[in-house]
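The values are calculated or read from the model by the stated rules, or taken from the named source; none is laboratory data. Quick caveat, the model's predicted, so the values are computed rather than measured. Here the Cβ is made from the backbone with ideal geometry for all residues, glycine too, and neighbour counts use every protein chain on show. Surface areas here come from the heavy atoms of the whole protein model, side chains and all, with no ligands, DNA or RNA. Shrake-Rupley method; radii C 1.70, N 1.55, O 1.52, S 1.80 Å.
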Amino acid sequence: MEEFRRSYSRLCRESGSEPQEAVLQQLHQLPRGRLDLATQSLTVDTCRALGKLLQSEALCTELILSDCMLSDEGATLLLRGLCTNTVVRLLDLKGNNLRAAGAEALGKLLRQNKSIQSLTLEWNNLGAWEDAFATFCGSLAANGALQQLDLRNNQISHKGAEELALALKGNTSLQQLDLRWNNIGLLGGRALVSCLPSNRTLWRLDLAGNNVPGDVLRAVEQAMDHNQDRHTTFRENQARTHVLSKEVQHLREEKSKQFLDLMETIDKQREEMAKSSRASAARVGQLQEALSERHSIINALKAKLQMTEAALALSEQKVQDLGQLLATAEQEQLSLSQKQAKERKLEQQEAAERESKLLRDLSAASEKNLLLRNQVDELERKVKSQQEQLFLTRQELTNTSAELKMRAVQAEERLDMEKRRSKQSLEDAENLRFKEVEHMTRHLEESERAMQERVQRLEAMRLSLEEELSRVKAVALTERGQAEEELIKAKSQARLEEQHLAHLEEKLRLLAQARDEAQGACLQQKQTVAEAQARASQLSLQVEGLRRRLEELQQELSNKDQEKVAEVTRVRVELQEQNGRLQAELTAQEALREKVAALERQQKVIASDHREALLDRESENACLRERLRLKEAEIARIRDEEAQRASFLQNAVLAYVQGSPLRALSPPK
């Protein structure tokens, strides 16, 4: 309690208040395990400190706070601290004028605390507020640890009694309930009577001073007597079961001892048997080893004999085989010498024939080599002539290209002259051209297209000419190594190419003239093209602005579509999560229902097993009593028989002593 006193003073100082001297004195004088602060007016700070201390206090089992003039706030702070306490068994709150807040705090205490068994609430005003008292009764129904409840002088009306009746229907631990000196009346008494058949644990209910009729009180007394009888029978059954369990445990211990003794004897016998079996096994092993050694020696000797006999037989067989081999070898030598002589003769003849053939082949090969060399020389000459012809054609091509270049330079000079002349003519005819601009713009596109087509055609013709030239070069290169017929074909092809080149030169001349005409038309139309290009550039700028605007609008539409898709996906995900949660809750509820059903079935099975066990134990008790009675009868019978035997022996001894001759000599006693 000294530690409790120190912690109380520390908490008070932390909250900014001084500890109460009266409380400190009481804490100093209190016995261990009991906190008695009766008739001490406790402040709110003191109640707060005590509530914090009682949350983790593990030594105080009885808490007495009667006539402490607790306020609503102080009572709630104290009871809040007791909600998590697991040690306090007795709580006395007598004469504290608890009201609605106190009733609600008590209801929370009864719902959360599982250790308080006795609760005294005498001289309070819990019943004056019906809603708060209803919450208190609901918590009482859910409590499973409270056994004694004192509600005397709490202004409980018939409605409060009805709430208490509902609580008693669900409560399974309350045994004593004191409701004296309240305002229950007839309706409240009937409500309590109607709930008693469903409650089998309550065996004491006091209703004196509540204006309850006598028949209701008698019904309550009958119900209480019935519950008390049931309680006493339950206790007796518990005591009997405890005694029987002790006896059964004692019998089990005796049986276990006997079993252990038997196991020890069996183990000893097994050890002796194992020792004897080991000794016999050792002896048998020694004998077997000796026998195996002897068998191995005999087998070794037999094997040596067999080996010597086999060696002798092999030596004899080898001698015979060697003789036969010698005879066959001599015969084979003779036959081989004859064969070798014949083969040597045949080989000499074949060698002579081969030499003659080789000489013939050499002469033919030399002739062929001479012919081939002549052919190679002729081919080289032909190649040289073809190379000279190709060189000449190349020179002709270079000359023609130079002439073409000269002509092109002259044409360019002519074009420059014509440009100058056209400029002068254009400066003179500007006024006339302004009038013809509108007419020329119409034909501008057609002329441009025609000129582009002409230019494309010219480029295609130039490309075809270049391709043909490349083909001619490739053909000339590939035809170097061919025969005379190929050279003739190359010459004819060169002639054709010369004709073709002349034709191409004519075409180039015509194309140059057409180009000059086209350039003149282009110079005339440049100004109109420039104006059209300016307009086209303006239109292109406008088109680009419109395209950018369209791209921005498309980007905004895509962003909106993405946002819409994200929102839809988010909503879908939330719906799926909600569905998953609901399904999980449904599965959990189903699992809980199944568990509840399984627990109910298990409870029924346990109850049936308990009943069967009680019946079995009662039958065992009856059997044991019958055995005891039989054993007592047997013991009585044995005692009677022993008494009869003792009397018979005594009589026999007396008769023997009386009839013996020594009796006459012995002095009388």
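Applying the condition of being of a type outside the set (S, T, N, Q) and in a loop (DSSP other than H, G, I, E, B) to segment 139-171 and asking which residue is nearest to residue 118 (Cα to Cα) yields 146.
The listed residues are 628, 654, 575, and the only one of them that is part of a helix (DSSP H, G or I) and under 60 Å from the mean Cα position of the chain (by Cα) turns out to be 575. Once segment 160-179 is narrowed to residues that are open to solvent by 70 Å² or more (accessible area, probe 1.4 Å) and not hydrophobic (A, V, I, L, M, F, W, C), the residue that is nearest to the chain's Cα centre (by Cα) is 172. Among the residues of segment 254-274, some residue qualifies, meaning at least one is out of contact with any Lys or Arg (no Cβ under 7 Å at 6 or more places or on another chain), of a type in the set (Gly, Ala, Ser) and within 30 Å of residue 618 (Cα to Cα).
Listed by first and then second residue, the pairs linking a residue in segment 204-229 that is within 12 Å of residue 193 (Cβ to Cβ) and of a type in the set (Phe, Trp, Tyr) to a residue that is part of a loop (DSSP other than H, G, I, E, B) and open to solvent by 20 Å² or more (accessible area, probe 1.4 Å), with Cβ atoms under 9 Å apart and 6 or more places separating them unless they lie on different chains, form an empty list.
Residues in segment 208-225 that are in a loop (DSSP other than H, G, I, E, B), of a type in the set (A, V, I, L, M, F, W, C) and touching a helix residue (DSSP H, G or I) at 6+ places or on another chain (Cβ under 6 Å): 1 in all.
Looking across 367, 418, 332, 347, one residue alone is in contact (Cβ under 8 Å) with a residue 40 or more places away in the chain and acidic (Asp, Glu). It is 418.
Here is a yes/no grid of residues against (1) more than 16 Å from residue 150 (Cα to Cα); (2) among the β-branched types (Val, Ile, Thr); (3) in contact with a Leu (Cβ under 7 Å, 6 or more places away or on another chain); (4) not in a helix (DSSP H, G or I):
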site: 173; (1), (2), (3), (4): no, no, yes, yes
site: 191; (1), (2), (3), (4): yes, no, no, no
site: 200; (1), (2), (3), (4): yes, no, no, yes
site: 235; (1), (2), (3), (4): yes, no, no, no
site: 241; (1), (2), (3), (4): yes, yes, no, no
site: 246; (1), (2), (3), (4): yes, no, no, no
site: 253; (1), (2), (3), (4): yes, no, no, no
site: 264; (1), (2), (3), (4): yes, no, no, no
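Restricting attention to segment 591-634, the residues that are among the aliphatic types (A, V, I, L, M) and within 20 Å of residue 243 (Cα to Cα) add up to 6. Reported count of residues in segment 94-105, each being under 15 Å from residue 63 (Cα atoms) and either open to solvent by less than 10 Å² (accessible area, probe 1.4 Å) or among the acidic types (Asp, Glu) (or both), is 1. Applying the criterion of at least 2 residues that are surrounded by 13 or more Cβ atoms within 10 Å (Cβ to Cβ) and under 51 Å from the mean Cα position of the chain (by Cα) to the helices (runs of 4 or more DSSP H) found wholly in segment 1-74 leaves 2-14, 44-56. Applying the selection to segment 451-476, what residues are of a type in the set (D, E, K, R), surrounded by 12 or more Cβ atoms within 10 Å (Cβ to Cβ) and more than 27 Å from residue 492 (Cα to Cα)? Result: 454, 457.
Specify which of the listed residues (108, 94) is basic (Lys, Arg) and within 26 Å of residue 27 (Cα to Cα). Selected residue: 94, the only one of 108, 94 that is basic (Lys, Arg) and within 26 Å of residue 27 (Cα to Cα).
Take the conditions over 29 Å from residue 237 (Cβ atoms), part of a helix (DSSP H, G or I) and hydrophobic (A, V, I, L, M, F, W, C) and apply them to residue 607. Does it pass? No: the conditions fail for residue 607. Hey, does segment 194-215 have a residue that's open to solvent by less than 70 Å² (accessible area, probe 1.4 Å) and at positive phi? Checked segment 194-215: at least one residue is open to solvent by less than 70 Å² (accessible area, probe 1.4 Å) and at positive phi.
Within segment 390-402, is even one residue open to solvent by less than 70 Å² (accessible area, probe 1.4 Å), farther than 22 Å from residue 493 by Cβ and assigned to a helix (DSSP H, G or I)? Yes: segment 390-402 contains one or more residues that are open to solvent by less than 70 Å² (accessible area, probe 1.4 Å), farther than 22 Å from residue 493 by Cβ and assigned to a helix (DSSP H, G or I). Pairs linking a residue in segment 16-43 that is farther than 19 Å from residue 96 by Cα to a residue that is surrounded by fewer than 14 Cβ atoms within 10 Å (Cβ to Cβ), with Cβ atoms under 8 Å and 6 or more positions apart or on different chains, are 19/13; 28/2; 32/59; 33/59. The residue that is farthest from the chain's Cα centre (by Cα), among those in segment 216-242 that are open to solvent by 50 Å² or more (accessible area, probe 1.4 Å) and of a type in the set (S, T, N, Q), is 222. The residue that is modelled with the highest pLDDT, among those in segment 440-450 that are within 19 Å of residue 534 (Cβ to Cβ) and open to solvent by 100 Å² or more (accessible area, probe 1.4 Å), is 442. A Cβ distance below 6 Å, combined with a sequence gap of six or more or placement on separate chains, defines the contacts here; from segment 144-155, residues that are more than 15 Å from residue 106 (Cβ to Cβ) and in contact (Cβ under 8 Å) with a residue 24 or more places away in the chain reach residues that are of a type in the set (Lys, Arg) and open to solvent by 50 Å² or more (accessible area, probe 1.4 Å) in the pairs 152/180.
Residues that are open to solvent by less than 100 Å² (accessible area, probe 1.4 Å), over 60 Å from the mean Cα position of the chain (by Cα) and over 26 Å from residue 419 (Cα atoms): does segment 514-528 have at least one? There is no residue in segment 514-528 that is open to solvent by less than 100 Å² (accessible area, probe 1.4 Å), over 60 Å from the mean Cα position of the chain (by Cα) and over 26 Å from residue 419 (Cα atoms).
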